[in-house]
Amino acid sequence: MAKVAEDELEETKVKLAITVKNARDALKTGKMILAKELYEKSSIIAGSIGDKDAKLRYKQKAEELGARKPKRKVMNEGILRKNIAELMQKAEKAIQKRKFAITKDHYEAISELFILLGEDDAANEFLEKANSLRRLI
């Protein structure tokens with residue numbers, strides 16, 4: 001990410017704060033893969049606003065999380081996709097019942113599964129959906 005323009009600096013700082021908060025929340029709830037991705041994203045954003053200390057700190061945190069061994073074996077692709085489909089159905093039912101916190105949790109879990117599959121665009125899409133719901137809650 002290139003250095004941000006002066007007129008976008010405040011907006012980028014807010015984006016950094018939200019990303020770091022989401023990373024911490026993911027870490028608290030045991031979503032290590034999602035937390036690692038978010039800390040990596042935070043490092044990039046911090047670099048774009050010229051905060052070298054934060055960039056290094058978030059990069060190191062992401063590396064620490066990447067070095068941890070997963071608690072369980074990674075499932076094969078078919079099982080992951082089945083789990084994604086089930087979580088999507090649960091999220092749809094929860095949102096119809098206006099249970100936004102539950103829907104947010106499902107979207108975060110879906111995002112983490114897409115990260116395991118290496119599908120970053122899909123992971124980001126569901127993370128954005130979760131963030132939108134977080135603002136409603």
Checked L80, L65 against criteria (part of a helix (DSSP H, G or I) and modelled with pLDDT of 90 or more); the one match is L80
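For the range 1-16, which residues satisfy the criterion of being in a helix (DSSP H, G or I) and surrounded by 12 or more Cβ atoms within 10 Å (Cβ to Cβ)?
Result: E8, L9, T12, K13, K15, L16.
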Every listed condition ((1) touching a residue at least 24 places away in the same chain (Cβ under 8 Å); (2) crowded, with 20+ Cβ neighbours inside 10 Å; (3) not assigned by TED's automatic domain parsing to the domain that holds D25) holds for N83 save (2)
Among A91, A67, A54, the single one that is under 30 Å from D7 (Cα atoms) and either among the small types (G, A, S) or touching a strand residue (DSSP E or B) at 6+ places or on another chain (Cβ under 9 Å) (or both) is A54
Those residues of the range 17-61 which are at negative phi, outside any helix (DSSP H, G or I) and modelled with pLDDT of 90 or more amount to I49, D51
Can you confirm whether R98 is among the basic types (K, R), at pLDDT 90 or above, under 16 Å from A130 (Cα atoms) and in the same structural domain as N131 (by TED's automatic domain parsing)?
yes
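Yes/no matrix, rows are residues, columns are (1) closer than 21 Å to F114 by Cβ; (2) of a type in the set (D, E); (3) touching a Phe, Trp or Tyr at 6+ places or on another chain (Cβ under 8 Å):
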| site | (1), (2), (3) |
| --- | --- |
| V4 | no, no, no |
| D7 | no, yes, no |
| E11 | no, yes, no |
| G30 | yes, no, no |
| E37 | yes, yes, no |
| D53 | no, yes, no |
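The values are calculated or read from the model by the stated rules, or taken from the named source; none is laboratory data. The shown structure was predicted, so the numbers you read here are calculated from the model rather than taken from an experiment. Neighbour counts are summed over all protein chains in view; Cβ atoms, including those assigned to glycine, are modelled from backbone coordinates with ideal geometry.
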